[in-house]
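A short worksheet on the structure shown next.
The values are calculated or read from the model by the stated rules, or taken from the named source; none is laboratory data. Quantities reported herein were computed from a predicted structural model and do not represent experimental measurements. Counting neighbours? That spans all protein chains shown, and the Cβs are built from the backbone with ideal geometry, glycine included. Areas reflect the complete protein model, heavy atoms only, side chains present, ligands, DNA and RNA absent. Shrake-Rupley method; radii C 1.70, N 1.55, O 1.52, S 1.80 Å.
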Amino acid sequence: MKQIIFRADDRLIHGQVIEGWIKNFNIPSVIIANDAVSADMIQQTIYRSVVPPKTTVDFYTTEGFKSDWENIKNRKGTILVIFASISDLYDSMALITDDVYVNIGCIASRTHCISVSDTVFLEPDELTKLEELASKWQVHIKKLPWEKDATFCDRQPETADEADPLSKGK
C-alpha cells in the first residue's frame, strides 16, 4: 500500500473517511490542509473527536502544509492528507511523487457544475486542474477504497499494482 494518500473531499472527515480509509488501512496520521479549519478550534475539536483513538489529526493552512511537507512525509505509517477542494490539491501538485496515492472522494454538486462521477461535480476551472493532475499522476475517483474507479481520463495504468496500488499487500 502507498504510504501517503492525498484526498480531495469537501466534507473532510466523515463516516466514509473514518470507516473506509482510516480504519481499513489503520492510518495513524491524518492531516487536514485547509485555511478555514486550521483557524477554527471548534471544527478542529470536532474532527479530532470522531477519529479512532490512535489516529492523530493535524491542521495546516494550505501554505503551511506545503512548507512543512519535508517533515510531514517522514512520519511513520500511512498518512492521509485531506484537501477540501480540487484547487487546494492542485496547489500541492508539486509534492506528489510515485509514493502518493491521489484520490478524489466527494466534491458536492453546485449550480452549473460538470458531473465527473456520482459524487464529484466540478466547475470548468476545477475540471481543467483535475485533467492536468490526471495527465501526470494516476487519479482515483472513488468514495471508498474497495470501489471501482470512476472513469476520468485516457491514461491507463501500466501494471496491476498501478491500477489499484491500495490493494497491494491486502
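Restricting to region 1-12, count the residues that are open to solvent by less than 10 Å² (accessible area, probe 1.4 Å) and outside any strand (DSSP E or B). Result for region 1-12: 1. Among the residues making up region 18-32, a single one is of a type in the set (Phe, Trp, Tyr) and part of a helix (DSSP H, G or I): TRP21. The residues listed here are LEU95, LEU89; of these, the one that is within 25 Å of PRO52 (Cβ to Cβ) and either at pLDDT 90 or above or of a type in the set (Lys, Arg) (or both) is LEU89.
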